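Since the structure comes first, as structure tokens, the remarks are kept for the end.
The values are calculated or read from the model by the stated rules, or taken from the named source; none is laboratory data. None of these values were measured; they are calculated from a predicted model. Glycine gets a Cβ as well: all are built from the backbone with ideal geometry, and neighbour counts include every protein chain shown.
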Amino acid sequence: MPPDLRLTPEQFALVCEANPEAVLELAADGQLIAMTPTGGDASARNSLLIARLQIWALGQGSWKVFDSSGGFRLPDGSVLSPDAAVVRAERWQALTPEQRRGFPPLCPDLVVELVSASDERPRGAEALRRKMAAYLANGAQLGWLLFPEQKAVEIWQTEGEGSTPGPRRLEPASRLEGGTLFPALVLELEEIWAG
């Protein structure tokens, strides 16, 4: 694709439909972002992360969990796919069946991204920090950016109206809690760091 090509979210959906083997995201300015597959360690970590989030969500009964293959159409027009996402069940249920089949037009409540050592371009820390800032700007309540090689986490959370979102870093990090936003959500990170 030409680097100056810009697509609307509707055109992006058609490109994805015509190229099901491609892993793509769409920036707010309409630029395509080609994603590369992750390495084995990152894939194993992400699978465990999804499993832990799913166990929590099923126990709570009021959340939906999505893996890295699901794209969300954010209010700014971008279509992004976090490694893991959590959405309140009532927000999901408020969507039409057609909206659920496509890229859901909402920003997840919780997003999690894993920095992959295998690819420093679209999966690199700076690119993922830009994505985390975009999620918060579009309505996410909480974001966790995981650095497995450093056993560290950046916690992205809006502090309230008028404040600037920014990360708080935990290093070394062994446990994450969802707090009042995500009651009873606890991630023991040692098992995720181990892959």
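Of the helices (runs of 4 or more DSSP H) lying entirely inside segment 1-100, those carrying at least 1 residues that are within 20 Å of Leu145 (Cα to Cα) and modelled with pLDDT under 90 are 40-60. Selection of first residues in segment 167-179 that are touching a residue at least 24 places away in the same chain (Cβ under 8 Å) and of second residues that are part of a loop (DSSP other than H, G, I, E, B), restricted to Cβ pairs under 6 Å at least 6 apart or on distinct chains, gives the following pairs, ordered by first then second residue: Gly178/Leu185. Going through (1) farther than 28 Å from Gly195 by Cα; (2) in a loop (DSSP other than H, G, I, E, B) one by one, Ser116 falls short only on (1). Check whether at least one residue in segment 101-116 is buried (at least 23 other Cβ atoms within 10 Å of the Cβ), among the charged types (D, E, K, R), under 23 Å from Leu176 (Cβ atoms) and in contact with a strand residue (DSSP E or B) (Cβ under 6 Å, 6 or more places away or on another chain), and report yes or no. Scanning segment 101-116, I find at least one residue that is buried (at least 23 other Cβ atoms within 10 Å of the Cβ), among the charged types (D, E, K, R), under 23 Å from Leu176 (Cβ atoms) and in contact with a strand residue (DSSP E or B) (Cβ under 6 Å, 6 or more places away or on another chain), so the answer is yes.
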